[in-house]
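Before any comments, here is the structure.
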Amino acid sequence: ASLDEPDAPESLVARAPIVTIMGHVDHGKTSLLDFIRKTNVTAGEAGGITQHIGAYDVTVSGNRKITFLDTPGHEAFTAMRARGAQVTDVVIIVIAADDSVMPQTREAINHAQAAGAPIIFAFNKMDRPGANADKIREQLSAMNILVEEWGGKYQTQEISAKQGLNIDLLLEKVLLEAEILDLKANPDKRAVGTVIEAALDKGRGIVTTILVQAGTLSVGDPILAGCYSGRVKALTDARGQRVNSVGPSIPVQVLGMQGAPTAGDKFNSLENEVEAREIANKRLQLQREQGLRTQKH
Ligand code: GDP
């Protein structure tokens, strides 16, 4: 069987949107990610999101979920895209309203547009005395980016990441965008996803954060990512809780990879471990050969 069989329409189920936050340095990306991470821990939920695994999922009003890639900035986004990974459904571009549209703001707009992902603009630092969101709206319109309140197509939200002002409204707009996109995936098959990050942990071995994009990943599954294979020994969610399985749009830490894949590598769960190892070895060999060839030139 192929690793990427098309899904029957009736097998598709709604999935949470996956969001990347981009913007100029110091405009408030980390503050926004931190605020959402801290506040969207529903009462009674064990743990809370304390550890950084490269992505986290939150539950917002109406029991709806949103997943955030927890690596602010453009590097992770472009590195993943360079490897052919398409993991972002919606991009939030943060612009400090007491500053201006800056070079990295333009870059973020270009990246999002190249990826075909809808953009929501978050005008941040509205608590600052010098904040002027209309000035930003004007600068955007000069770039042919017309915001919704001025008759255009781009949603915006004035926020203060520091004070946590209007973040709920921003998340509502993400969900609205997701509704339009009608995001779906088949949970009833072997998992397919993308590697978000991987590292060697002294006590635990290779720890790989994976974003499952379709199918369900379970403990015991043979797995393949980049040039490495393995078998899922344990799964830990963004709250640090052990889980037995995870479905689409959910990030999870995986123990059991035999080597560390690269962020942006495609990830697959396979029927058997021998097959996974064979494919991994072939890829490793191919990579070595390519390496030798480039060395000779
Ligand atoms: P990043 O580089 O885009 O990740 O920006 P940070 O989140 O690190 O924020 C840069 C600085 O701006 C920090 O000192 C934050 O405390 C501050 N900051 C971020 N958001 C706000 C805000 O809404 N209001 C105010 N007053 N300061 C903010």
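Details
Okay, residues lined up against (1) surrounded by 14 or more Cβ atoms within 10 Å (Cβ to Cβ); (2) within 16 Å of the ligand (Cβ to nearest atom); (3) aliphatic (A, V, I, L, M):
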| residue | (1), (2), (3) |
| --- | --- |
| T105 | yes, yes, no |
| N132 | yes, yes, no |
| K135 | yes, no, no |
| N144 | no, no, no |
| Q155 | yes, no, no |
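- Residue check for D89: more than 16 Å from V195 (Cβ to Cβ) and either open to solvent by 30 Å² or more (accessible area, probe 1.4 Å) or aliphatic (A, V, I, L, M) (or both): no
- Among residues of the stretch 115-145, those that are touching a residue at least 60 places away in the same chain (Cβ under 8 Å) and in a strand (DSSP E or B), counted: 2
- The residues on offer are A85, A112, A55, and the sole one that is over 13 Å from K29 (Cβ atoms), in contact (Cβ under 8 Å) with a residue 60 or more places away in the chain, away from the ligand (no atom under 15 Å from the Cβ) and touching a Leu at 6+ places or on another chain (Cβ under 6 Å) is A55.
- Qualifying positions in the stretch 44-86 - at pLDDT below 90, among the aliphatic types (A, V, I, L, M) and within 21 Å of A112 (Cβ to Cβ): A76, A79, M80, A82, A85
- The stretch 10-43, residues that are more than 16 Å from the ligand (Cβ to nearest atom) and either among the basic types (K, R) or modelled with pLDDT of 90 or more (or both): E10, S11, L12, V13, A14, R15, A16, P17, I18
- Within the option set P248, P261, P222, being out of contact with any Lys or Arg (no Cβ under 9 Å at 6 or more places or on another chain), touching a residue at least 40 places away in the same chain (Cβ under 8 Å) and open to solvent by less than 40 Å² (accessible area, probe 1.4 Å) holds for one residue only, P261.
- Remark: T71 matches the filter, which requires a residue to be among the hydroxyl-bearing types (S, T, Y) and not in a helix (DSSP H, G or I).
The values are calculated or read from the model by the stated rules, or taken from the named source; none is laboratory data. If you're wondering where the values come from, they're calculated on a predicted model, not measured in any experiment. Neighbour counts run over all protein chains shown; Cβ positions are idealised from the backbone, glycine included. SASA here: full protein model, heavy atoms, side chains in, ligands and nucleic acids out. Shrake-Rupley method; radii C 1.70, N 1.55, O 1.52, S 1.80 Å.
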